[in-house]
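Written out below as structure tokens is the structure these notes cover.
The values are calculated or read from the model by the stated rules, or taken from the named source; none is laboratory data. Everything numeric here is computed off the predicted structure, so don't read it as measured data. Glycine also receives a Cβ, built like all others from the backbone with ideal geometry; neighbour counts cover every protein chain displayed. These accessible areas exclude ligands, DNA and RNA; they are computed on the full protein's heavy atoms, side chains included. Shrake-Rupley method; radii C 1.70, N 1.55, O 1.52, S 1.80 Å.
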Amino acid sequence: MKNIKGISFLYNKEIGYLEIIEEKEGISEINFLGNMDIQTRKDLYNIFNESPLTKKCSEQLEEYFNGERKEFNIELDIKGTEFQKQCWNALAKVPYGQTISYSEEAKMIRNEKALRAVGSANGKNCIPIIIPCHRIISKDGKLGGYSGGEDKNKGIEIKKYLLELEKSFK
């Protein structure tokens, strides 16, 4: 069982509920829950309290959805392999409202042949939106994949929504 310091839930009419989790000294997860009954989720963790950090993250995500925030100022608790962290650091450098291809991301980490590994690392990103894996698309301009949380079929819809949101407020 996770040792959770705080948990917040944010509702967005386009993507449903987001679950924001702080475990140690930073946000460790943002999960797409869709329209899941969040009481079930709260019962799973046996925690009902927001921490100051999860509340701050929720507020910044709300500002992002309203077009008022383009960069986040949140402490993160990033868990992953060194390669994954390298990929996620590259993601953080992709500007708001812009996209790059998986091959461009592989070049950013100086491992041009690691396209599939880069895609796999992006798929394991536990802090979407803040670590903007939605900004990575296929070389041919197609959206590629995106984790939709509980509803895997919703992932591409979420990615498309986030890209259109950023384009509209760019």
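Restricting attention to region 76-97, which residues are in a loop (DSSP other than H, G, I, E, B), open to solvent by less than 90 Å² (accessible area, probe 1.4 Å) and without any contact (Cβ under 8 Å) to a residue 60 or more places away in the chain?
Of everything in region 76-97, those that are in a loop (DSSP other than H, G, I, E, B), open to solvent by less than 90 Å² (accessible area, probe 1.4 Å) and without any contact (Cβ under 8 Å) to a residue 60 or more places away in the chain turn out to be Asp77, Ile78, Gly80, Thr81, Ala92, Val94, Pro95.
When residues of region 104-114 are filtered for being assigned to a helix (DSSP H, G or I) and out of contact with any Asp or Glu (no Cβ under 7 Å at 6 or more places or on another chain), how many remain?
Within region 104-114, the first condition is being assigned to a helix (DSSP H, G or I), and the residues that meet it are 104-108.
Filter once more, keeping what is out of contact with any Asp or Glu (no Cβ under 7 Å at 6 or more places or on another chain): 104-105, 107-108.
Adding up the residues that qualify gives 4.
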(request) Tell me, please, whether a residue that is of a type outside the set (Ser, Thr, Tyr) and under 21 Å from Asn35 (Cβ atoms) can be found in region 133-144. (result) yes
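Would you be able to say whether some residue in region 131-138 is touching a Gly at 6+ places or on another chain (Cβ under 6 Å) and over 23 Å from Leu76 (Cα atoms)?
So in region 131-138, the residues touching a Gly at 6+ places or on another chain (Cβ under 6 Å) come out as 137-138.
Next, only the ones that are over 23 Å from Leu76 (Cα atoms) stay: 137-138.
Yes, region 131-138 has at least one match.
Tell me the residue from Lys124, Lys113, Lys107 that is open to solvent by 60 Å² or more (accessible area, probe 1.4 Å) and touching a Gly at 6+ places or on another chain (Cβ under 8 Å), please.
Values: Lys113 fails: touching a Gly at 6+ places or on another chain (Cβ under 8 Å); Lys107 fails: touching a Gly at 6+ places or on another chain (Cβ under 8 Å).
On inspection, the qualifying residue turns out to be Lys124.
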(message) I'd like to verify a number: residues in region 40-69 that are touching a strand residue (DSSP E or B) at 6+ places or on another chain (Cβ under 6 Å), open to solvent by less than 50 Å² (accessible area, probe 1.4 Å) and modelled with pLDDT of 85 or more, how many?
(response) 7
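Test of understanding: among Phe83, Phe72, which residue is over 24 Å from Glu19 (Cα atoms) and at pLDDT 95 or above? Give the derivation first.
Numbers: Phe72 fails: over 24 Å from Glu19 (Cα atoms).
The unique qualifying residue is Phe83.
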(request) May I ask you to list the residues in region 127-162 that are part of a helix (DSSP H, G or I), at pLDDT 85 or above and surrounded by fewer than 19 Cβ atoms within 10 Å (Cβ to Cβ)? (result) Glu157, Lys160, Tyr161
